[in-house]
Amino acid sequence: MKSRKHFSHRLLLFICPATSAILLASLLFSGYRMYQNLMHATFSNIRSDLQLAAGQVQDSQALTLEALHAVSSAQENGLFGEREGTVRYLQDLASRNPAFSRVYVVYESETDGGTEIFSAGWSRKDGELIQAPPVDLEAGDSYQRVKACYTLAKVKQETLTEPHGEGEAMMVELTYPIIITNTFAGIAGVDRALHVMAGDMARFLQYESEELLLVTRRKNVVVSTGHPEHQTKNCTELPMAEAVNAAIRTNDVFQLHRDPDTGEAYYAMATYLPSCEWFLIIRVAQSEVLTPVIRDLATQAGVSFGFLAVMLIILSLILKVSLRPVLYATQAAEQVSQGDLTVKITSKREDELGCLLRSIQQMTDNLNSVVCQVQRIGLHLASSTVQMFSSTRELETTVTEQAQFTQEVLGKADAIAESAQTLAQLVDEVQGKVSETEQTASSSSVLIDNLGASVQRLQDATGNIAGKLTRINDSANAIEGIVETIDSVSGRTNLLSLNAAIEAEKAGEHGRGFSVVAREIQRLADQTAISATRIRSLIAEMQSAVSSGVMEIEKFTSEVRTGVASATESSRRLACIAGDVQQLAPQFEYTGERMQAQSESARQISAGVRKLMEGASAIQHAVQEFNRVAKSLKEEADTLRREISGFQV
């Protein structure tokens with residue numbers, strides 16, 4: 001029962017979210033389409049209000065223009081100059097058009113006294129018509145502008161003024177020229193009160209926040225149904241200036257903007273009125289537009305969610321009825337899972353669930369047969385694994401002992417191979433030392449021969465040096481004789497200068513210059529004597545040094561002769577040693593080859609024993625693995641026997 005609930009819950013948790021997601025997506029899509037349709041319908045209604053109001057403004061403009069044409073035509077067709085007839089005609093026109101706040105005519109008539117201004121008009125006050133002819137209108141801008149337009153262009157054209165006035169007197173004027181015999185005679189005009197125009201336009205509004213704004217090309221406000229105080233003002237002076245400019249730029253397109261005063265969002269759209277060259281702008285609060293849309297969407301969402309809930313309830317009931325055969329199959333499967341293979345399942349259904357139940361019964365019967373066979377095989381397998389396990393244990397013991405013996409043999413073979421290799425290396429080293437000794441003895445003999453020749457040349461050079469030192473000594477003796485001569489000359493020169501000085505003293509004043517020369521000669525003679533004495537001492541030192549050098553060279557020559565004799569004897573002995581070493585070299589080479597062969601044989605023995613040990617180790621690992629598998633097989637056989645014993649067959 002627990003499994004059935006778990007499955008049904010999972011099925012519900014799978015189907016319900018999927019169904020809910022599909023329905024929710026459909027709901028969202030239909031809601032979005034509904035939102036678009038509702039918004040389109042709402043914008044269409046607002047656009048319809050704008051078009052109706054625009055039609056009203058243009059119809060009023062056309063009616064006003066038609067009335068002006070009628071007044072002008074009446075004047076031009078015989079009513080001109082008929083003042084009473086003109087007054088009655090204007091009264092009748094004003095009474096037939098309650099939208100006109102004033103109808104008037106102003107023209108110039110020729111009299112005997114000159115030009116006379118005639119004005120007649122009717123205005124509406126508190127719903128009553130009163131006669132109110134305009135005063136000094138001929139001097140105003142509207143009159144002069146119409147007159148100048150016809151005078152310059154000779155074209156009859158209506159003129160629409162900008163909104164002006166205050167309070168209920170705020171209005172716009174539409175004027176038209178009166179032409180008599182191709183000459184400007186005056187104007188006919190109609191004034192329209194702005195509050196009346198606002199009332200005519202406001203009757204087309206459907207929303208509470210909906211507002212119409214009529215703006216001239218100069219951005220002056222003609223009509224504002226929501227803010228009458230803005231009328232006659234320029235848009236640049238109003239907080240909504242930016243929204244008005246945006247609506248005019250994007251003509252016939254809705255724009256969303258915020259009111260600077262309240263911060264509330266508004267939809268706004270403008271349309272152009274070509275008959276009067278004005279712009280009509282409509283705006284409505286976004287909240288008021290969205291309120292019915294959101295209300296309709298909420299209603300639709302409630303209906304959709306109710307439908308979703310009903311669908312989920314129906315789906316859960318269908319699943320509950322459909323899962324009853326699955327419950328029966330689940331209970332049978334639980335009994336089989338608990339080891340009861342005696343369960344019997346019957347079903348008379350011919351659908352897929354009936355096939356499932358019969359398949360479960362067939363599976364149970366097959367499983368019962370298999371379990372009986374497995375029980376018999378398990379008993380036989382358990383006895384076989386016991387015998388296999390005991391045999392593998394004995395084989396593992398034998399292989400382990402063989403591996404230990406092989407390990408000992410391998411250790412001894414490695415020791416023999418290592419000793420042979422070491423001895424071979426020592427023989428090679430001794431052979432190398434013998435070769436080096438032979439080469440050293442040969443090189444030393446050559447060096448000693450070269451040393452004897454060098455010593456002989458050194459002896460010859462020493463003799464040459466001794467001869468040269470003797471000649472230097474002889475030259476020094478000759479220089480000493482010359483120095484004695486210089487010393488003798490210096491004494492005689494000194495004596496001569498003394499005699500010259502005496503003679504100069506005797507000569508008195510005339511011998512003074514000679515006295516100076518005598519003193520200078522005496523000074524030079526003294527310096528010469530000093531230099532001769534110094535040269536004599538240097539020569540004595542040089543003779544002493546030369547004598548010592550000759551003695552040392554003779555002593556060195558004697559030692560060189562002794563060294564040459566010793567070198568000759570050493571060369572002879574080294575030659576004998578080299579001969580003996582050459583005789584030993586072949587013997588060491590033969591010994592090295594034999595030791596190398598012995599080392600190679602020892603390595604081969606070690607490699608063979610190692611391979612034998614690796615094979616024994618592999619056999620041991622295989623036996624251990626086989627033993628582990630046999631043990632595992634025995635455990636699995638025991639487990640299988642225990643598991644099979646839990647089935648009821």
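Find the residue count for the range 174-197, including only residues that are without any contact (Cβ under 8 Å) to a residue 60 or more places away in the chain and buried (at least 22 other Cβ atoms within 10 Å of the Cβ).
Matching residues across the range 174-197 total 1.
Got a sec? Which of 63, 28, 23 is of a type outside the set (D, E, K, R), in contact with a helix residue (DSSP H, G or I) (Cβ under 7 Å, 6 or more places away or on another chain) and open to solvent by 30 Å² or more (accessible area, probe 1.4 Å)?
23
Got at least one residue in the range 140-159 being closer than 28 Å to residue 251 by Cβ and in a strand (DSSP E or B)?
Yes, the range 140-159 contains a residue that is closer than 28 Å to residue 251 by Cβ and in a strand (DSSP E or B).
Using beta carbons and a limit of 7 Å, which pairs, at least six apart or on different chains, have the first residue in the range 130-156 and closer than 12 Å to residue 175 by Cα and the second one of a type in the set (D, E, K, R) and open to solvent by less than 30 Å² (accessible area, probe 1.4 Å)?
142/173
Give 85, 31 a once-over and let me know the one that is in contact (Cβ under 8 Å) with a residue 24 or more places away in the chain and of a type in the set (Gly, Ala, Ser).
31
Hey, does the range 274-294 have a residue that's in contact (Cβ under 8 Å) with a residue 24 or more places away in the chain, assigned to a helix (DSSP H, G or I) and of a type in the set (Asp, Glu)?
Yes: one or more hits.
Yes/no matrix, rows are residues, columns are (1) β-branched (Val, Ile, Thr); (2) surrounded by 15 or more Cβ atoms within 10 Å (Cβ to Cβ); (3) within 47 Å of the chain's Cα centre (by Cα):
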{"site": "278", "(1), (2), (3)": "no, yes, no"}
{"site": "293", "(1), (2), (3)": "yes, yes, yes"}
{"site": "314", "(1), (2), (3)": "yes, no, no"}
{"site": "317", "(1), (2), (3)": "no, no, no"}
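Among the residues of the range 201-210, which ones are open to solvent by 10 Å² or more (accessible area, probe 1.4 Å) and either closer than 15 Å to residue 57 by Cβ or hydroxyl-bearing (Ser, Thr, Tyr) (or both)?
202, 203, 204, 205, 207, 209
Scanning the range 122-145 for residues that are among the aliphatic types (A, V, I, L, M) and modelled with pLDDT under 85, which turns out surrounded by the fewest Cβ atoms within 10 Å (Cβ to Cβ)?
139
Scan the range 295-312 for residues that are open to solvent by less than 90 Å² (accessible area, probe 1.4 Å), under 49 Å from the mean Cα position of the chain (by Cα) and at pLDDT 75 or above and jot them down.
Matches in the range 295-312: 296, 297, 298, 299, 300, 301, 302, 304, 309.
Of everything in the range 247-263 that's within 16 Å of residue 286 (Cβ to Cβ) and of a type in the set (Asp, Glu), which residue is least open to solvent (accessible area, probe 1.4 Å)?
Filtering first and then ranking leaves 259.
Can you confirm whether residue 95 is touching a Leu at 6+ places or on another chain (Cβ under 9 Å) and either within 27 Å of residue 221 (Cβ to Cβ) or open to solvent by 50 Å² or more (accessible area, probe 1.4 Å) (or both)?
Considered against the rule, which asks whether it is touching a Leu at 6+ places or on another chain (Cβ under 9 Å) and either within 27 Å of residue 221 (Cβ to Cβ) or open to solvent by 50 Å² or more (accessible area, probe 1.4 Å) (or both), residue 95 comes out as yes.
The values are calculated or read from the model by the stated rules, or taken from the named source; none is laboratory data. Remember, it's a predicted structure, so these values are computed and weren't measured experimentally. Don't worry about glycine lacking a Cβ; one is built from the backbone with ideal geometry, like all the others, and counts go over all protein chains shown. Heads up: the accessible areas ignore ligands, DNA and RNA and are worked out on the full protein's heavy atoms, side chains in. Shrake-Rupley method; radii C 1.70, N 1.55, O 1.52, S 1.80 Å.
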